[in-house]
Amino acid sequence: MARAGTSKKIARKQSTRKKTSVGPKKRGVGRTSLLHFAIAILFLLMRNTKGFPILPMELHLEILSHLPSIPVPCMLFGILPHEYRLKFDVMFASSQTCRALYHLLKPVLWETLDVCTLGKESPTIATNPDSSKAMATELVRILEVVTIREPELGSVLNVALTTFSAVNVYKELARCLQLLPNLRTLQIISFPAGRENDKYVARMLDAFRYTILPTIDTLTLLAYLYDIIVALCGQTIFPNILHLNITEISHTCSLIDRSCSQEIHTLQLSAIIELQKADIFSVVDRFPHLRVTPRLRRHFYRDYPESEEEVTNKCISDNNEAFRALRRLTRLHTIQVDISFVKMGSWRVDPVTDNICTLARTLILRNLHRPENAAVAEGMLNLTVDCQEISIRITREITE
């Protein structure tokens, strides 16, 4: 009997221990919720209410605009130095300092994707094979991060393509470009050159063969890729290109002999295009829908046996022939001309410059009054006369 009584007492003690052990757990849940609430209040009190983070977005963009960045269009070619990555590094470091700057700078940080600059310790791709691997790895990494997390942010992609794992990298590039819905600009600043260039061009063509990129309207590429890109345009891979920029080109005659099927509005070339009939026709025949001319150069010189009147008449005659060729561009509303004079002595150059201004103004006004240019209210003549820039705005009245 004594043993039965003691067992009952032990059972009662265990039951009371179980009941009392429930209480502290309930109190623990309440403490945790209070702690979370206190942390939330602390974060609200610690928000930045003064200093750099509370400046308007316009001021942040103005400050960032003074840092070096890759321009659009970029007429440079090859792997760019590390200085062009400074803007990204500054924005990334600033975005990690506080939440306010993170949410403020994130759209700007990933709007432009730059994978064409070397690190501080990598002088060139040619002398450092590891740089080629690093460039390809960085390209795949950035494309994966953007396409998975924030694909709608990327609008500009500046890329340098290397020889490392070219087949896989080119295919990954083609795949990821289709996943960026707001991508507007693609600039291929560097591409493998040399004896094996044709091999890598064929690999790129194979990677992009079944790709359609309708959102891209600005394209920058090297001259020896122009044939391939125009062929791609025919396959509607870049169906909506409006602005074409060709770098590392020696002369307009190195362009292909067939016209581009796209309605290119703006053309920029790294070559010098002389304002003369032959060069103008080489551009007009290939790009008949131009609205803005590339930089044209008019170089005047004087053979001293010639009289001043003979030189003036000859220059004006050449100008008339060149602008007669430009008249075929019925949508043209902006003309860019660089004028230089050599060995002119005391010869007055005003008649020649005035002649170019008159011809350009007449041509632009004629095009502005055409029905297809009804939405264009003004044109522009940009002159550079012996390194002095002159901009002349040409307007027309819009009648209802």
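Quick notes
- Checklist (1) modelled with pLDDT of 85 or more; (2) in contact with a helix residue (DSSP H, G or I) (Cβ under 7 Å, 6 or more places away or on another chain); (3) assigned to a helix (DSSP H, G or I); (4) open to solvent by 40 Å² or more (accessible area, probe 1.4 Å) applied to Arg331, failing item: (3)
- Selection within region 116-129 - modelled with pLDDT under 60 and part of a loop (DSSP other than H, G, I, E, B): Lys120, Glu121, Ser122, Pro123, Thr124, Ile125, Ala126, Thr127, Asn128
- Lone unmet requirement of (1) under 21 Å from Pro81 (Cα atoms); (2) touching an Asp or Glu at 6+ places or on another chain (Cβ under 7 Å) for Ser190: (2)
- Selection count where residues are in a loop (DSSP other than H, G, I, E, B) and either surrounded by fewer than 19 Cβ atoms within 10 Å (Cβ to Cβ) or free of Cβ contacts under 8 Å to residues at least 40 places away in the same chain (or both), scope region 156-201: 17
- Among the residues of region 202-226, the ones that are assigned to a helix (DSSP H, G or I) and surrounded by 13 or more Cβ atoms within 10 Å (Cβ to Cβ) come to 9 in all.
- Pick from region 238-258, criterion hydrophobic (A, V, I, L, M, F, W, C) and at pLDDT below 80, ranking: farthest from the chain's Cα centre (by Cα): Cys253
- Once region 289-305 is narrowed to residues that are outside any strand (DSSP E or B) and surrounded by 13 or more Cβ atoms within 10 Å (Cβ to Cβ), the residue that is modelled with the lowest pLDDT is Arg302.
- All of (1) in a helix (DSSP H, G or I); (2) surrounded by fewer than 20 Cβ atoms within 10 Å (Cβ to Cβ) hold for Leu139 with one exception: (2).
- When the helices (runs of 4 or more DSSP H) confined to region 1-115 are screened for residues that are of a type outside the set (A, V, I, L, M, F, W, C) and at pLDDT 80 or above, those reaching at least 3 such residues are found at 86-95, 99-109.
- Taking the criterion of being surrounded by 14 or more Cβ atoms within 10 Å (Cβ to Cβ), of a type outside the set (D, E, K, R) and farther than 20 Å from Glu378 by Cβ, the residues of region 314-328 that qualify are Cys315, Ile316, Asn319, Ala322, Ala325.
- Filter pass, Leu363 being at pLDDT 75 or above and not in a helix (DSSP H, G or I): no
- Scanning region 74-103 for residues that are surrounded by 16 or more Cβ atoms within 10 Å (Cβ to Cβ) and either farther than 30 Å from His243 by Cα or in contact with a Pro (Cβ under 7 Å, 6 or more places away or on another chain) (or both) yields Tyr84, Lys87, Ser94, Ser95, Cys98, Ala100, Leu101.
Okay, residues lined up against (1) at pLDDT 85 or above; (2) of a type in the set (Ser, Thr, Tyr):
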{"position": "Ser131", "(1), (2)": "no, yes"}
{"position": "Met135", "(1), (2)": "yes, no"}
{"position": "Ile142", "(1), (2)": "yes, no"}
{"position": "Thr147", "(1), (2)": "yes, yes"}
{"position": "Pro151", "(1), (2)": "yes, no"}
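- The residue of region 266-280 that is nearest to Val337 (Cα to Cα), among those that are at pLDDT below 80 and open to solvent by 30 Å² or more (accessible area, probe 1.4 Å), is Glu274.
The values are calculated or read from the model by the stated rules, or taken from the named source; none is laboratory data. Not measured: the values here are computed from a predicted model. Cβ: placed from backbone, ideal geometry, glycine included. Neighbour counts: every protein chain shown. Remember, those area values only see protein heavy atoms, side chains included, never the ligands or the DNA or RNA. Shrake-Rupley method; radii C 1.70, N 1.55, O 1.52, S 1.80 Å.
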